[in-house]
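This report concerns only the one structure given below.
The values are calculated or read from the model by the stated rules, or taken from the named source; none is laboratory data. In this text, all values refer to a predicted model and were calculated from it rather than measured experimentally. When we count neighbours, we look across all protein chains shown, and the Cβ atoms used for this are built from the backbone with ideal geometry, even at glycine. Calculation scope for accessible area: heavy atoms of the full protein, side chains included, ligands and nucleic acids excluded. Shrake-Rupley method; radii C 1.70, N 1.55, O 1.52, S 1.80 Å.
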Amino acid sequence: MELALTGITKQFPGVLANDNVNLRVAEGEIVALLGENGAGKTTLMNILYGLYHPTAGTVEIDGKPVQFQSPGDAIDAGIGMVHQHFMLVPVFTVAENVILGDEPTKRLGVINRAKARDAVTEISRRYNLDVDPDATIEDLPVGIQQRVEIIKVLERQARFVVFDEPTSVLTPTEVDGFFEIVQSLKADGKGIIFISHKLGEALEIADRIVIMRRGKTVAEVLPKDIDEAGLAELMVGRPVDLVVDKAPADPKDVVLAVENLTVLDDRNRRSVDGVSFQVRSGEIVGIAGVQGNGQTELVEALTGLRTPLGGRVRLKGEDMTTASPRAMHQANVAHVPEDRQKSGLVLPFTVTENIILNSYYEEPLSRGVIMDWDEARDRATRLVEEYDVRTPGIDVPVSNLSGGNQQKVIVAREFDRDVALVIASQPTRGIDVGSIEYIHSRIVEERDLGAAVLIVSSELEEVMALSDRVLVMYAGKIAGEFDASASTTEVGLAMLGSADEAEEAS
Ligand SMILES: Nc1ncnc2c1ncn2[C@@H]1O[C@H](COP(=O)(O)OP(=O)(O)O)[C@@H](O)[C@H]1O
Ligand SMILES: [Mg+2]
């Protein structure tokens, strides 16, 4: 019993997204499909799911060729897909989402709903998913929403399940839970395709690892025969430095001083609650924490996107508590935002336009009221080269670029001047190892040039690797401070609030 994709080629206008790709998965097997952003993984899976038609190649199930005109055909053939972005209706319940698109007629709606509740309960119990059929999607954490997608796939009798970058939205604890689910699917005889760009995850979960690079399948390996460095090299096509290479910090003057800062979130809760810390020139301070402990609001307050309720933010002594984003930019603060697509870039704008997004009004780009486009294009050309942005050109919309390359556009724009303070949120979320190595090295370079650097990341390993000093944020407060030599376990415990509990207990 096997699913096989053979010789799959997919030509988009100007892009050969899949080039003679081969992939097979047996029932009861977990295959990791590993590749950098833009390698062609999602395209291949969209072909398997009937969303795209291949330019060439065949899909076979149990040795018989199949042709899918739509996802409906793929589902009927036993293929299930958990997409990178969930396709759930937020205001519907779990059960309603599970039957959505599956309802034969309106008349049967009531019966189906009852059946759906039973199905959810049964599947949830069988695979230990712990999902309440009556919960409303928008009230559920991302990890549980993902389980709803899994239930949906299982309810349709999938024999082969594709997960497209399932862990990129999960916290470390949620990832562990997710892997347990994948193992139970495997034990139940499902064939699993697990897409990721995270080396450790592929090594941990997969029976076999298939590596794609630039549209081609370049290698197939067994986890026991390879390590992270080997996988990274196959993925990127060159040896990659997986450890951040940096000298000990030499901190100088205080650049950023945060004093007793309190910030309300959108629901008027004190998501930052009396936080104080400093960042000096020449040091990288990392803020670790499980997402949702106030980091987002803290960064918004520090970059002028949210007005604090109380406390002070000083930049080189000057009060910037209520400064606008533009004022922060003009004070030489570089900001790499958490959600690059929402607040870092204007997706339909070109690479050039995004590069000048926050400086078009400054000399030499603007002379009075006239915009100097030659100057803008020269700058874009230079930065694309310098920051190794892979793009067909400076005049294409940034929406055409892969996530890693979009992130490089932001980093290039933000770092291409004399930077006093870098504030980088989730600087490498969802991007591939080659780009991570690059962005990390640019951040260290800014430090060595004398910038004060504040990194906020929910990836503990990233914080530990980059930072000279680590602060842990928990429930809106700084729950611990560690130096670079602290163990991940110690810091991880503080992230779960255990220090807090210890304090309360004493
Ligand atoms: N619908 C599309 N039209 C044109 N190009 C596309 C389309 N979908 C993907 N591509 C391009 O195909 C390549 C592979 O993309 P994708 O399959 O999404 O990679 P991955 O999932 O490995 O990150 C990229 O260069 C991407 O820009
Ligand atoms: Mg993809």
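Does residue 114 satisfy the condition of being on the phi < 0 side of the Ramachandran plot, in contact with a Pro (Cβ under 8 Å, 6 or more places away or on another chain) and of a type outside the set (Phe, Trp, Tyr)? When the stated conditions are applied, residue 114 does not pass them. Determine whether the range 343-352 contains at least one residue that is hydroxyl-bearing (Ser, Thr, Tyr), touching a strand residue (DSSP E or B) at 6+ places or on another chain (Cβ under 8 Å), within 30 Å of residue 468 (Cβ to Cβ) and crowded, with 16+ Cβ neighbours inside 10 Å. No, the range 343-352 contains no residue that is hydroxyl-bearing (Ser, Thr, Tyr), touching a strand residue (DSSP E or B) at 6+ places or on another chain (Cβ under 8 Å), within 30 Å of residue 468 (Cβ to Cβ) and crowded, with 16+ Cβ neighbours inside 10 Å. Considering the range 1-79, the qualifying strands (runs of 3 or more DSSP E), each wholly inside and each with 1 or more residues that are among the basic types (Lys, Arg) and away from ligand 1 (no atom under 16 Å from the Cβ), run over 15-26, 64-66.
When every residue of the range 153-163 is checked against the conditions, none turns out to be over 23 Å from residue 463 (Cα atoms), among the charged types (D, E, K, R) and surrounded by 22 or more Cβ atoms within 10 Å (Cβ to Cβ). Against the conditions (1) of a type outside the set (Val, Ile, Thr); (2) without any contact (Cβ under 8 Å) to a residue 40 or more places away in the chain; (3) within 14 Å of ligand 2 (Cβ to nearest atom), residue 53 satisfies every one except (3). Would you call residue 84 within 16 Å of ligand 2 (Cβ to nearest atom), under 28 Å from residue 171 (Cα atoms) and among the polar types (S, T, N, Q)? It is true that residue 84 is within 16 Å of ligand 2 (Cβ to nearest atom), under 28 Å from residue 171 (Cα atoms) and among the polar types (S, T, N, Q). I need the full set of residues from the range 373-429 which are in contact (Cβ under 8 Å) with a residue 60 or more places away in the chain, over 21 Å from residue 330 (Cβ atoms) and either open to solvent by 40 Å² or more (accessible area, probe 1.4 Å) or in a helix (DSSP H, G or I) (or both), in order please. 390, 392, 403, 404, 405, 406, 407, 429, listed by residue number. Counting the residues of the range 180-217 that are in a strand (DSSP E or B) and within 16 Å of ligand 1 (Cβ to nearest atom) gives 11.
When the residues of the range 242-286 are filtered to those that are under 19 Å from residue 311 (Cα atoms) and among the β-branched types (Val, Ile, Thr), the one that is surrounded by the fewest Cβ atoms within 10 Å (Cβ to Cβ) is 254.
For the range 479-497, the count of residues that are in contact (Cβ under 8 Å) with a residue 24 or more places away in the chain, open to solvent by 10 Å² or more (accessible area, probe 1.4 Å) and of a type in the set (Phe, Trp, Tyr) is zero.
The rows are residues; the columns are (1) open to solvent by 50 Å² or more (accessible area, probe 1.4 Å); (2) more than 24 Å from residue 433 (Cα to Cα).
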{"site": "11", "(1), (2)": "yes, yes"}
{"site": "18", "(1), (2)": "no, no"}
{"site": "26", "(1), (2)": "no, yes"}
{"site": "33", "(1), (2)": "no, no"}
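Restricting attention to the range 128-168, the residues that are within 16 Å of ligand 1 (Cβ to nearest atom) and of a type in the set (Phe, Trp, Tyr) add up to 1. Which of the residues spanning the range 141-179 are of a type in the set (Phe, Trp, Tyr) and in a helix (DSSP H, G or I)? Matches in the range 141-179: 178, 179.
Conditions (1) under 30 Å from residue 295 (Cβ atoms); (2) among the β-branched types (Val, Ile, Thr); (3) within 16 Å of ligand 2 (Cβ to nearest atom), marked per residue:
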{"residue": "374", "(1), (2), (3)": "no, no, no"}
{"residue": "384", "(1), (2), (3)": "no, yes, no"}
{"residue": "404", "(1), (2), (3)": "yes, no, yes"}
{"residue": "409", "(1), (2), (3)": "yes, yes, no"}
{"residue": "414", "(1), (2), (3)": "yes, no, no"}
{"residue": "418", "(1), (2), (3)": "yes, no, no"}
{"residue": "438", "(1), (2), (3)": "yes, no, no"}
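For the range 448-468, residues that are among the small types (Gly, Ala, Ser) and more than 19 Å from residue 492 (Cβ to Cβ) total 3. Is it the case that some residue within the range 183-192 is surrounded by 15 or more Cβ atoms within 10 Å (Cβ to Cβ) and within 16 Å of ligand 2 (Cβ to nearest atom)? Checking the range 183-192: not a single residue is surrounded by 15 or more Cβ atoms within 10 Å (Cβ to Cβ) and within 16 Å of ligand 2 (Cβ to nearest atom).
On the given criteria, is residue 285 in a strand (DSSP E or B) and closer than 16 Å to residue 455 by Cα?
Criteria met by residue 285.
Close Cβ contacts (under 6 Å, 6 or more residues apart or on different chains) running from residues in the range 212-237 that are under 18 Å from residue 390 (Cα atoms) and modelled with pLDDT of 95 or more to residues that are open to solvent by less than 30 Å² (accessible area, probe 1.4 Å) and not in a helix (DSSP H, G or I) comprise 212/35; 212/39; 212/40; 215/17; 215/18; 215/40.
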